[in-house]
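A quick write-up on the structure given underneath.
Values in this text are rule-based calculations from the coordinates and carry no lab data. Predicted model, so just to flag it, every value in this text is computed and none were measured. Methodologically, a virtual Cβ is constructed for each residue, glycine included, from the backbone with ideal geometry; neighbour enumeration extends over all protein chains shown.
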Amino acid sequence: MNITDFLELPTSHDFRLVAGEKGSTNDITGVNIMDNPFADDWLSAGELIVTSGYFFKESFEAQKNTLRDLRR
């Protein structure tokens, strides 16, 4: 299943893609929850990352840095 397929599921109707539209046809190989800004050490390529973003809600710079770091 790829990201586009996932977002079309009825259970995903409240989800939205906020970055990486060019990768929307990439296959999802797993799912991981990101609940702190240093979690990228435990993430793997191909994973669907789910987060509330609460840990960086006060800092747009932190949001940008986290998304940039996840591109690796």
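Could you tell me which residue of the range 54-72 is nearest to residue 2 (Cα to Cα), considering only residues that are surrounded by 12 or more Cβ atoms within 10 Å (Cβ to Cβ) and among the hydroxyl-bearing types (Ser, Thr, Tyr)?
Among those that are surrounded by 12 or more Cβ atoms within 10 Å (Cβ to Cβ) and among the hydroxyl-bearing types (Ser, Thr, Tyr), it is 66.
In the range 60-67, is there at least one residue being in contact with a helix residue (DSSP H, G or I) (Cβ under 8 Å, 6 or more places away or on another chain) and among the hydroxyl-bearing types (Ser, Thr, Tyr)?
Yes, the conditions are met somewhere in the range 60-67.
Does residue 4 fit the bill of being among the hydroxyl-bearing types (Ser, Thr, Tyr) and touching a Gly at 6+ places or on another chain (Cβ under 6 Å)?
No: the conditions fail for residue 4.
Return the residues of the range 1-28 that are outside any loop (DSSP other than H, G, I, E, B) and over 12 Å from residue 70 (Cβ atoms); say none if nothing qualifies.
2, 3, 4, 5, 6, 7, 10, 11, 12, 21, 22, 27
Give the residues of the range 29-53 that are surrounded by 10 or more Cβ atoms within 10 Å (Cβ to Cβ), hydrophobic (A, V, I, L, M, F, W, C) and part of a loop (DSSP other than H, G, I, E, B), sorted by residue number.
34, 38, 43
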